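Input: a single structure, listed below in structure tokens.
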Amino acid sequence: MIKKRLEECLDQCFSRGVERGLWSETARESYAVEVPKHEGQGDYATNMAMVIAGQEKKATGKKVNPRQVAKQLVELLADHGELFAEIAVAGPGFINFFMKPAVWQAVLPVVCAANESFGLAAEKNNKRVLVEFVSANPTGPLSIGHGRQAVLGDTVSRLLEAAGYEVEREYYYNDAGRQMRVLGESTRARYLELLDLPAEFPEDGYQGEYIYDIARELIAEKGDSLRDVVEVTPFKEQAERAIFKDINATLERLGIHFDRYYNEHSLYEEGHIDDVVAGLRAKGLVYEKDKAVWFKTTEFGQNQDRVIIKSSGEPTYRLPDIAYHREKFKRGYDWMVDIFGADHIATVPDVLAGIRALGYDDSRVTVILHQFVTLMRDGKQVKMSTRKANFITVDELLDEVGPDVMRFFFLMRKADSQLEFDLNLATEQSRDNPVFYVQYGHARLASIIRKADEQGLRAGKISDADLGLLVEPEEENILKAIAAYPALVQQAAHDLEPHRIVFYLQELAGLFHSYYNKHRFISEDRELTMARLWLGQGLRIVLGNGLRLLGMTAPDKM
RNA sequence: GCGCCCGUAGCUCAGCUGGAUAGAGCAACGGACUUCUAAUCCGUAGGCCGCAGGUUCGAAUCCUGCCGGGCGUACCA
């Protein structure tokens, strides 16, 4: 919030320089304001002078001294004395800004007044965004990889909501294809097996224990009445119902809810599949070869064309995916975010090409591809396979670590990175676990505030407290960190990067724990106590808001 | 072979649209509980940012090539 004010200042300054003919308009927007890494370089720094000097050199061919430009800028800034304690030109031409302590202290009343809405966008931006994630076909329980995706998708959604978007969460699935047929056959085989009837288990069938559970339910409901049924449908449907129920129960445990489940089937029923093919055909982008229908993806920069309808007459996955995305466009979203596992990378260019071919703007689609999760136990990698069912499910993991730990662990890495999930660390609930570090900070603060309430402190309003007493370096650092929170949320939302919130919370908790061990909140000094209690309140609010933003709990006691 | 992602401290990873002297946690070592929760804190040590070039005032960050790991490269999804 302070940074924004500084940026506005600098923008004005820039304009005034243009008016006076000191430099030209071209350098606007391309300079940066950032927090320097090292102490002594101020609270903020800008490379503005160097950027201007570079631009001027390019435009006029004459050498311009960045430090000279910096000095001119500083002169133009002179009348903002209420913000700055000191402004210095340093190094090759950086301008370092040292803010007055009162600037930082002033964030506290804002935080306390906003409370749980601190960090949320002040107003809705009237933009609708669709987030598609999980989208696992109902062939078995959610695996760890799905878990990462579920948590990532839900948290991205929460971030976007915090940034003022209207968000819809959607789950796309297919209960028609080959996979589901094999699932039905697997169920039938188990059903017959349990009835002591001859059964042939499909070669590539689903071997998980859960298939037996489904078969048992079927026997409980229908006895052996299905023993001679040739159709696989009743088995498939039973399995689908049971598995979806299971998946939803798992998602529920993680606090994840979808606004819509979109069945691929409806794309066929409503004619969208045929329609897409016709649309592509009309543009001359499909052709027949070897009895299959091909989409000219080479026209969109790919190295080979792709089959969209097999010689058997069945579409490949690409076609419904394209049709589905076209339906999303028709629904009129401003932004569509897809979250896929890295194994789906091949579909992305095809879908985007299809969308562009049909005349839509594919830049409104952002695909987050997350890398795989490697599960580590006792320092060794656990190999997993869905079909053979030797994988750890999200449910099993939740039994061991609970939703808070799981969410945090899945968000600790950026999506691009492979994520190493250390089962020992996550399940031990040891003190090394960073989840507790942050939550403990919140609980500790809540405890202090309880204590203060018991002693009848904290009666007054924040406007009665003398926040000017918060002058310790640790206090100033905490205030700065708090002030940075709203911009961080907006940036993390914009970049779809929840891991930044995770890192921020660890850092903020660290600042607090460190401060706690050095200074006392409650002391003989009544005025100082009041000021520090408000600081504690501000900290508690931000830690709590951050945790909840990640879908976690912020405990008052631990 | 081709495409995408990754390569940063012993391990797991941050590093915002290029910025000043590269960071955190864990592990290692040494300290701190008559004090608001020790699930905490303080200190020490640890680095040719995979390698080689290039772009420029300035590169972990951008470009090219190579090396190593992952995922794709289906008329599977």
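Here are the numbers for this structure:
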item: Nearest-10 value in Å² for the accessible area of A:E428, using the 1.4 Å probe; result: 120
item: Under Karplus coefficients 6.51, -1.76 and 1.60, residue-wise ³J(HN,Hα) of the stretch A:402-407 in Hz, glycine/proline x; result: x, x, 5, 5, 5, 4
item: Dimensionless Rg over Rh [chain A; C-alpha; Kirkwood]; result: 1.06
item: Relative contact order %, the stretch A:359-478, counting alpha carbon pairs below 8 Å whose residues are six or more apart; result: 25
item: Rounded D (µm²/s) - the stretch A:297-412, Kirkwood Rh over Cα pairs, Stokes-Einstein at 25 °C, 0.890 mPa s; result: 142
item: Rounded to 10°, Cα long-axis angle of helix A:434-454 versus longest principal axis of chain A; result: 50
item: Average silhouette area of the stretch A:153-261, convex hull of alpha-carbon atoms, in square nanometres; result: 8.1
item: Value of relative contact order over the stretch A:2-99, rounded to a whole percent, pairs C-alpha under 8 Å and six or more apart; result: 27
item: Highest to lowest packing among A:222-234, A:198-210, scored as the average C-beta count within 10 Å; result: A:198-210, A:222-234
item: Average Cα contact separation per residue, chain A, under 8 Å, 6 or more apart, as relative contact order %; result: 16
item: Å² per residue, accessible surface of chain A at 1.4 Å; result: 47
item: Solvent-accessible area, 1.4 Å probe, carbon plus sulfur percent, for the stretch A:178-253; result: 45
item: Selection from A:Y31, A:I52, A:F14, by position along the positive dipole direction of the stretch A:2-99 (Cβ); result: A:I52
item: Ranked by how many other beta carbons lie within 10 Å on average, peptides A:372-382, A:246-256, A:316-326 from highest; result: A:316-326, A:246-256, A:372-382
item: Amide proton proximity set for A:L358, modelled H, under 5 Å, gap of 5+; result: none
item: Value of Rg/Rh across the stretch A:414-558 [Cα atoms, Kirkwood radius]; result: 1.01
item: Estimated dipole of chain A in Debye, rounded to 20 [Cβ of Lys and Arg +1, of Asp and Glu -1, Cα centre]; result: 1520
item: Distance between modelled label sites at A:A487 and A:E25, nm, 7 Å Cα→Cβ extension; result: 2.6
item: Percent carbon-and-sulfur accessible area, the stretch A:45-150, ignoring ligands, DNA and RNA, probe 1.4 Å; result: 53
item: Spatial separation of Cα centroids for the stretch A:305-334 and the stretch A:507-539, in angstrom; result: 57
item: Computed magnitude of the charge dipole of the stretch A:178-253 (debye, nearest 20; Cβ of K, R +1, Cβ of D, E -1); result: 220
item: Dipole in debye (nearest 20) - the stretch A:2-99, about Cα centre, beta carbon charges: Lys, Arg +1; Asp, Glu -1; result: 520
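The values are calculated or read from the model by the stated rules, or taken from the named source; none is laboratory data. Just so you know, these numbers come straight off a predicted model, no measurement behind them. Ideal geometry is used to build each Cβ from the backbone, glycine not excepted, and the neighbour counts take in all protein chains shown. In case anyone asks, the SASA skips ligands and DNA or RNA and just uses the protein heavy atoms, side chains included. Shrake-Rupley method; radii C 1.70, N 1.55, O 1.52, S 1.80 Å.
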